[in-house]
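Peer 1: Pasting in a structure now, in structure tokens, and then I'll have a few things to ask.
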Amino acid sequence: MKKIRICLVNIGKRMSVIPIVTPPLGIMYLAAYLRDKFDTDIQLINQKLDNIPNDKLVRRIKDFNADVVGLGAMTMTGQELPDITRGIRTELPEALIVLGGPHVSSSEAKTLETTEAHVAVPGEGELAFEAIINHYFDGGSLADIPGIFWRDGERIVSNPGRMPLIDDLDTLPFPAYDLIHLPDYWKQQSFPPIPRRRYISLFSSRGCTYDCIYCHNVFGHQFRYHSAERILDEIKYFTRQYSVNDIEFLDDIFNKNHRRLIEFCSRIQDNNLGIKLAFPNGMRSDILKEEEIDALVQAGLYFLSFALETGSPRIQKLIGKHLDIQKFITAIKIAESRGVFCNGYAMLGFPSETEAEMKQTIDIICLSRLHTTSFFTVTPFPNTELYKIVAQTHPEKLAKLQYDDLEYPSFMHNFSDEPDEVLFFHQRKAYQRFFLNPGRILRIFRVHPTPHLIPLYTAMALKRMTKGFFQSR
């Protein structure tokens, strides 16, 4: 097989209110894997970093003269794919175009119906992408690769089955940070309200064993994880290579395995690394033990997110999260007492949710010891159980929902049983009640890692307090 030129792209432009730009871990892990398997030149492009329009993005891909173009997208940014793939097809007619990311897991074969791509890969990408390259360049048939969607002439084919998951994550190479210019990301806003800082992002696990109806669960239900030794090796390498002192873990449930968490914290302390740890994505708070919080704090924990979603026990059952709300409250209280900056997530507007249940959620968040929070509007994404429920209960509203601009939707969607004015009134008032609490304001300034940067986030907070038109994660 000849040397292959592969261009991997993270699709999407920055939002105006929350201009989050983080290292594109998905394509960085994929790039590291592919260059271990093939003789290849790889270019990574993060469209959000330079915030470039689609035509300039296509020009960069053309200038690289890619043989293979991999485009990763969220559902909100997937609306850009028809325009981008059309441009690539015009400029590089012989290039293989492969789609991946959560958008493919959401829309499946439909992603090919509206684009010029050849193949779409749902879920975990490494093994499928490797098989696609082998089959495509060796003359084999894509029909032999389970679980992918591909174009056979004018026909779109959905292969049965699913690619196996990678059981031993320690066999994967480190993410390809050498293919991006990391200091560019230190100048950008990462997950708010974490300040700009010298950091790297990592995944230490994949998969989630829970069944929340609003989630795609891209990595499957099997919880797989790097060993504590592997995580330590990774941190040592990147802190030496890039002189970073802040590690951001984007796992869904870093604390799923108690023994691994304790061993990881112990190894960090034994090696005197002097690093800081942030968990912006949210741990499973009702299984987070006091012993674990203390161990994490001793290892360098300074920022931790807690995902409530709903304060209603009935809605907790409906959405399949089954969170123990009292343990959620207790975990926040313990972390806050240890000096950890605590961030929260909640959602308003679930199907059948009542005004009283919305108030339950707001009361729990506002009476908690959280420093910051987000009250998102529930948004059903295709191929989730939530979407199926809404298709039955509010099909007329679902038909109007657009995913191309979820920061400023064309209308304020509401899938609860309450009128729009009730939902959005309570959402707006929730932000006001939460952030205008004098005690909370003092605690934010007392614990925030860089208080002088807090004014950077005031515009975002004011927007939420006056509009409250924010969507679910």
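The values are calculated or read from the model by the stated rules, or taken from the named source; none is laboratory data. All values reported here derive from a predicted model rather than from experimental measurement. Counting neighbours? That spans all protein chains shown, and the Cβs are built from the backbone with ideal geometry, glycine included. Just so you know, the surface numbers come from the protein's heavy atoms only, side chains and all, with ligands and any DNA or RNA stripped out. Shrake-Rupley method; radii C 1.70, N 1.55, O 1.52, S 1.80 Å.
Peer 1: Of the residues ILE213, ILE194, only one is in contact with an Asp or Glu (Cβ under 9 Å, 6 or more places away or on another chain), closer than 26 Å to GLN47 by Cα and touching a residue at least 60 places away in the same chain (Cβ under 8 Å); which?
Peer 2: Checking each option against the conditions leaves just ILE194.
Peer 1: Among helices (runs of 4 or more DSSP H) lying entirely in segment 1-79, which contain 3 or more residues that are in contact with a helix residue (DSSP H, G or I) (Cβ under 9 Å, 6 or more places away or on another chain), open to solvent by 60 Å² or more (accessible area, probe 1.4 Å) and over 23 Å from SER205 (Cα atoms)?
Peer 2: Correct list: 54-64.
Peer 1: Conditions: (1) closer than 16 Å to ILE334 by Cβ; (2) without any contact (Cβ under 8 Å) to a residue 40 or more places away in the chain; (3) among the polar types (S, T, N, Q). SER266 meets all but one. Number of the miss?
Peer 2: (1)
Peer 1: Now a separate question. Inspect segment 400-412 for any residue being open to solvent by less than 10 Å² (accessible area, probe 1.4 Å) and of a type outside the set (Phe, Trp, Tyr) and give the result as yes or no.
Peer 2: No, every residue in segment 400-412 fails to be open to solvent by less than 10 Å² (accessible area, probe 1.4 Å) and of a type outside the set (Phe, Trp, Tyr).
Peer 1: Give LEU273, LEU318 a once-over and let me know the one that is more than 26 Å from PHE445 (Cα to Cα), part of a loop (DSSP other than H, G, I, E, B) and open to solvent by 30 Å² or more (accessible area, probe 1.4 Å).
Peer 2: It is LEU273.
Peer 1: Quick one: how many residues across segment 281-306 are in a strand (DSSP E or B) and under 20 Å from SER337 (Cβ atoms)?
Peer 2: Number of matching residues: 8.
Peer 1: So which pairs qualify, if the first residue must be in segment 416-427 and in contact (Cβ under 8 Å) with a residue 12 or more places away in the chain and more than 19 Å from PRO395 (Cα to Cα), the second must be among the charged types (D, E, K, R) and surrounded by fewer than 16 Cβ atoms within 10 Å (Cβ to Cβ), the Cβ gap must be under 6 Å, and the two must be at least 6 apart or on different chains?
Peer 2: Partner pairs satisfying both residue conditions: VAL422/GLU355.
Yes/no per residue for (1) at pLDDT below 95; (2) under 21 Å from PRO173 (Cα atoms):
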residue: LYS3; (1), (2): yes, yes
residue: ASN10; (1), (2): no, yes
residue: LYS13; (1), (2): yes, no
residue: VAL17; (1), (2): yes, no
residue: ALA31; (1), (2): no, yes
residue: ASP50; (1), (2): yes, no
residue: THR75; (1), (2): yes, no
residue: THR85; (1), (2): no, no
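Peer 1: Across segment 220-244, what is the total count of residues that are surrounded by 15 or more Cβ atoms within 10 Å (Cβ to Cβ), farther than 23 Å from LYS256 by Cβ and of a type in the set (Phe, Trp, Tyr)?
Peer 2: Number satisfying all stated conditions: 2.
Peer 1: Search segment 97-148 for residues being touching an Asp or Glu at 6+ places or on another chain (Cβ under 7 Å) and in contact (Cβ under 8 Å) with a residue 24 or more places away in the chain, and hand back the single one that is surrounded by the fewest Cβ atoms within 10 Å (Cβ to Cβ).
Peer 2: ILE97
Peer 1: Report the residue count in segment 444-460 for those that are part of a helix (DSSP H, G or I), modelled with pLDDT of 75 or more and surrounded by 14 or more Cβ atoms within 10 Å (Cβ to Cβ).
Peer 2: Of the residues in that region, 4 qualify.
Peer 1: While we're here: When segment 343-361 is examined, which residues are found to be within 24 Å of the chain's Cα centre (by Cα) and surrounded by fewer than 23 Cβ atoms within 10 Å (Cβ to Cβ)?
Peer 2: TYR345, PRO351
Peer 1: I need the full set of residues from segment 231-253 which are without any contact (Cβ under 8 Å) to a residue 40 or more places away in the chain and either among the charged types (D, E, K, R) or in contact with a helix residue (DSSP H, G or I) (Cβ under 7 Å, 6 or more places away or on another chain) (or both), in order please.
Peer 2: Hits for segment 231-253 are ILE231, LEU232, ASP233, LYS236, ARG240.
Peer 1: Suppose we filter segment 188-208 for residues that are modelled with pLDDT of 90 or more and open to solvent by 50 Å² or more (accessible area, probe 1.4 Å); how many remain?
Peer 2: Result for segment 188-208: 2.
Peer 1: Moving on. Is it the case that segment 152-159 has a residue that's exposed (fewer than 13 other Cβ atoms within 10 Å of the Cβ) and part of a loop (DSSP other than H, G, I, E, B)?
Peer 2: Yes, that holds for at least one residue.
Peer 1: Somewhere in segment 105-126, is a residue out of contact with any strand residue (DSSP E or B) (no Cβ under 9 Å at 6 or more places or on another chain) and either at pLDDT 95 or above or assigned to a strand (DSSP E or B) (or both)?
Peer 2: Yes, there is a match, as at least one residue in segment 105-126 is out of contact with any strand residue (DSSP E or B) (no Cβ under 9 Å at 6 or more places or on another chain) and either at pLDDT 95 or above or assigned to a strand (DSSP E or B) (or both).
Matching residues to (1) over 23 Å from ILE200 (Cα atoms); (2) over 23 Å from the mean Cα position of the chain (by Cα):
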position: ASN272; (1), (2): no, yes
position: ALA278; (1), (2): no, no
position: ASN281; (1), (2): no, no
position: SER285; (1), (2): yes, no
position: SER312; (1), (2): yes, yes
